[in-house]
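Heads up: the structure comes next, in structure tokens.
None of the figures in this text is laboratory data; all of them are computed from the coordinates on show. Everything numeric here is computed off the predicted structure, so don't read it as measured data. Every residue, glycine as well, gets a Cβ built from its backbone with ideal geometry; the counts of neighbours run over all protein chains shown.
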Amino acid sequence: MVDKILFSILGYTEDGWHVAHALELDLKGYGKSPEAALKEVHGMVTAQLSFAHFKGNPSLAWRPAAQECFDRFAQLQREYSEARAAGEEPAPQTTCMPIPEPHVIAEMAESYAADG
């Protein structure tokens, strides 16, 4: 069994756009739908991790969001779980996204070397 490392994604709207906020990297994807915002932030996460890999400095990738964002994520997960336990079907406002596979990060890092 392969364990996956997951990023915490907080979903909300901002100025009429859906936002997917990857909390561990403080990256935000925007879109006309939650799915579009999630897709955009996935690409940003992959690019950030690939750039850190290219530079040989993994710590470049990690810049967490403010603590309030993590607190809001935990609160929304708790509220969602409680609603589900009560038999309700609330719309989720949080999700988790796996870190891209190592070969994807390495391939993108190689593209930086080819461009540079």
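Hey, what angle do you get for helix 67-85 against the long axis of the chain, alpha-carbon based, 0 to 90 degrees rounded to 10? It is inclined by approximately 50 degrees. For the stretch 14-116, the list of trypsin sites (Lys or Arg not before Pro) that fall in a loop by DSSP and count at most 13 other C-beta atoms within 10 angstrom reads LYS32. Which FRET efficiency value, to the nearest 0.05, is calculated for ARG84 and SER111 with the Förster distance at 35 angstrom and r the Cβ-Cβ distance? Once rounded, the FRET efficiency stands at 0.25. Charge dipole (Cα centre; +1 on Lys/Arg Cβ, -1 on Asp/Glu Cβ; no other charges) of the chain amounts to roughly 120 debye.
In order along the stretch 86-94, the Karplus-derived 3J(HN,Hα) couplings, from 6.51 cos²θ - 1.76 cosθ + 1.60 at θ = phi - 60°, round to 8, x, 8, 10, x, 6, x, 10, 9 Hz, and Gly and Pro are given as x.
Under 5 Å from the amide H of PHE7 lie the amide H atoms of MET97, ILE99, each residue being 5 or more positions distant or on a separate chain, with H modelled from the backbone and absent for Pro and chain starts. The candidate values are (i) 15.8, 55; (ii) 15.0, 52; (iii) 28.5, 83; the one derived from this structure for Rg and Dmax of the Cα atoms in Å carries the label (i).
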